[in-house]
1. Looking for whichever is out of contact with any Leu (no Cβ under 8 Å at 6 or more places or on another chain) and under 19 Å from Asp390 (Cα atoms) here; the options are Gly316, Gly277, Gly309, Gly266. Which one fits?
2. Just one of (1) under 15 Å from Ala155 (Cβ atoms); (2) in contact with a Pro (Cβ under 7 Å, 6 or more places away or on another chain) trips up Gln413, so point out which.
3. Write out, first by first residue and then by second, each pair whose Cβ atoms fall under 6 Å of each other, whose residues are 6+ apart or on separate chains, and whose first residue, in the stretch 359-373, is open to solvent by less than 30 Å² (accessible area, probe 1.4 Å) while the second is part of a helix (DSSP H, G or I).
4. For the stretch 243-287: of the residues being among the polar types (S, T, N, Q) and buried (at least 17 other Cβ atoms within 10 Å of the Cβ), which is nearest to Ile328 (Cα to Cα)?
5. Only one of (1) assigned to a loop (DSSP other than H, G, I, E, B); (2) touching a Gly at 6+ places or on another chain (Cβ under 8 Å); (3) surrounded by fewer than 20 Cβ atoms within 10 Å (Cβ to Cβ) fails for Pro302. Which number is that?
6. What residue, of Thr334, Thr338, Thr343, is under 28 Å from the mean Cα position of the chain (by Cα), under 20 Å from Thr418 (Cβ atoms), open to solvent by 10 Å² or more (accessible area, probe 1.4 Å) and of a type in the set (Val, Ile, Thr)?
7. Find the strands (runs of 3 or more DSSP E) located wholly in the stretch 332-388 whose residues include 1 or more that are over 18 Å from Val200 (Cα atoms), and list them.
8. For the stretch 141-160, enumerate the residues that are buried (at least 19 other Cβ atoms within 10 Å of the Cβ) and either under 12 Å from the mean Cα position of the chain (by Cα) or basic (Lys, Arg) (or both).
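The values are calculated or read from the model by the stated rules, or taken from the named source; none is laboratory data. Being a predicted model, the structure only gives us computed values, none of them experimental. Cβ atoms come from the backbone with ideal geometry, glycine included; neighbour counts cover every protein chain shown. To get the accessible areas, we keep the full protein, side chains included, count just its heavy atoms, and leave off ligands, DNA and RNA. Shrake-Rupley method; radii C 1.70, N 1.55, O 1.52, S 1.80 Å.
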Amino acid sequence: MKNLSILTILLACISLNFSCKEEVNPTYVFPESQITPAATITPVQKSTSSITLFIKSSNAEECAYYYTEGETLSMTTAEVFAQGTVIDAEDGVNVTVEELTPATAYTFIAAARDNEKGSVCSPVTVITASDAPESNYPKYVTFEAFERSVSGGVAKGYIVTADLKTNKKLRFRPTHLDPAKTPTAAFEYFKGLDMGTPYVVSNGGYFWDGASLSLCITDGEVKSIATELAYPNDANGNQIIAYPVRAALGQMADGSFEATWVYCIGGKPYSFPSPLGNDEATQTFMPNAPTASTAGAKLWEPEQAIGGGPMLVYKGKNVAMDYYYREIMHTGGTSGNTAQPRTAIGGTKNGKMMLVVCDGRGKGGSNGMTLSEMADLFVEMGMDYAINLDGGGSSAIVGYDGQLYNNPSDGSQRAVPTAIVISEVE
């Protein structure tokens, strides 16, 4: 844990002394101390989850303080006294702020007043992110458990968010694994690749018999292509060969995320404006595979990408069941309308990403989610795009310590051929 150092600020007719590594918005004004009440806030002791400050006042009858999470706080003297805690001005008091959130900034504001000599409100005292407990994750990465009520009962799991634009050292790296590995084994494997430090690993796209059936692109190189075939039943109940055009999420060269529908042609991913002419609900399917000449076809060239399906969120809207049958997902057992263990990933145009792993089938007390319920979660979190990944017994997430955090429905992790890795480079 970092040591607390001394920071001296003379602001707005106050003498404010406290400890830190750098000055915070210094403005030097030297009033006549005899007529201006002043508040002094001095850090006394810091632990891993709390900080104690000594607060007192000079030339004042009363002193009050108020604190909150976040770095922006502006209050009048009256507001501090109305909302905060009043203390003995002359003797002062130690105030301990407990349960500090890792890598989160806090603010303190204090006011002193003397009815005869006038009043003054002190400037904001910032307890910076470096003063809060150390996080196990890089800056602008969160790894949090969630629990929410859904149609099937209760859904529990983990949500990871990462702002890759703000922390430019962060990396979203879909990783192909040959042979297939469990997420914990993939975590150790990635550590040996000299591609940065892994902090989060989850399962990726679909597979069969250890081989990937979903798109995986790493650093612009196609590692596995999206499946080119599906086997639904036609209107007569006969199994046929179909050509699924399915969702994929990619990070582009400018750092933005986008999702599109992809079919691989000649080993290269082509983007389409929709899943084209397939629809399990009406049992109608394209008679031939799409080509580079198909209307709307465009070579898709993301830096990083992972495929799955169906599309959950498109341009900020929940579209999960709009495309479920059109991507021919029901045939594969995705069970879109029932609560299941699920993994999904989303992103925004400005470089933020979100990964969700939800337990189900009673494991960890979780009933799971439908596809629409999963999509709602991404919409609530402001994601522009989101796609479903492999779920069921494949859904698993590993944290900063390489340990499994959720409760896979199989009772143990499956070996998967593609994984999502969130890492940080030096």
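1. On the way: Gly316 fails: under 19 Å from Asp390 (Cα atoms); Gly277 fails: under 19 Å from Asp390 (Cα atoms); Gly266 fails: under 19 Å from Asp390 (Cα atoms).
Only one candidate qualifies: Gly309.
2. Of (1) under 15 Å from Ala155 (Cβ atoms); (2) in contact with a Pro (Cβ under 7 Å, 6 or more places away or on another chain), only one is false for Gln413: (1).
3. Leu371/Ala320
4. Of the residues in the stretch 243-287, the ones among the polar types (S, T, N, Q) are 251, 256, 260, 271, 274, 278, 282-284.
Right, trim to buried (at least 17 other Cβ atoms within 10 Å of the Cβ) and you get 251, 256, 260, 271, 278.
Numbers: Gln251: 25, Ser256: 28, Thr260: 15, Ser271: 17, Asn278: 7 Å.
Here the answer is Asn278.
5. Status for Pro302: all satisfied but (3).
6. Values: Thr338 fails: under 20 Å from Thr418 (Cβ atoms); Thr343 fails: open to solvent by 10 Å² or more (accessible area, probe 1.4 Å).
Among Thr334, Thr338, Thr343, only Thr334 is under 28 Å from the mean Cα position of the chain (by Cα), under 20 Å from Thr418 (Cβ atoms), open to solvent by 10 Å² or more (accessible area, probe 1.4 Å) and of a type in the set (Val, Ile, Thr).
7. Of the strands (runs of 3 or more DSSP E) lying wholly inside the stretch 332-388, those with at least 1 residues that are over 18 Å from Val200 (Cα atoms) span 385-388.
8. Taking the stretch 141-160 and keeping what is buried (at least 19 other Cβ atoms within 10 Å of the Cβ), we get 141, 143, 150, 155-158, 160.
Val141, Phe143, Lys156, Tyr158, Val160, listed by residue number.
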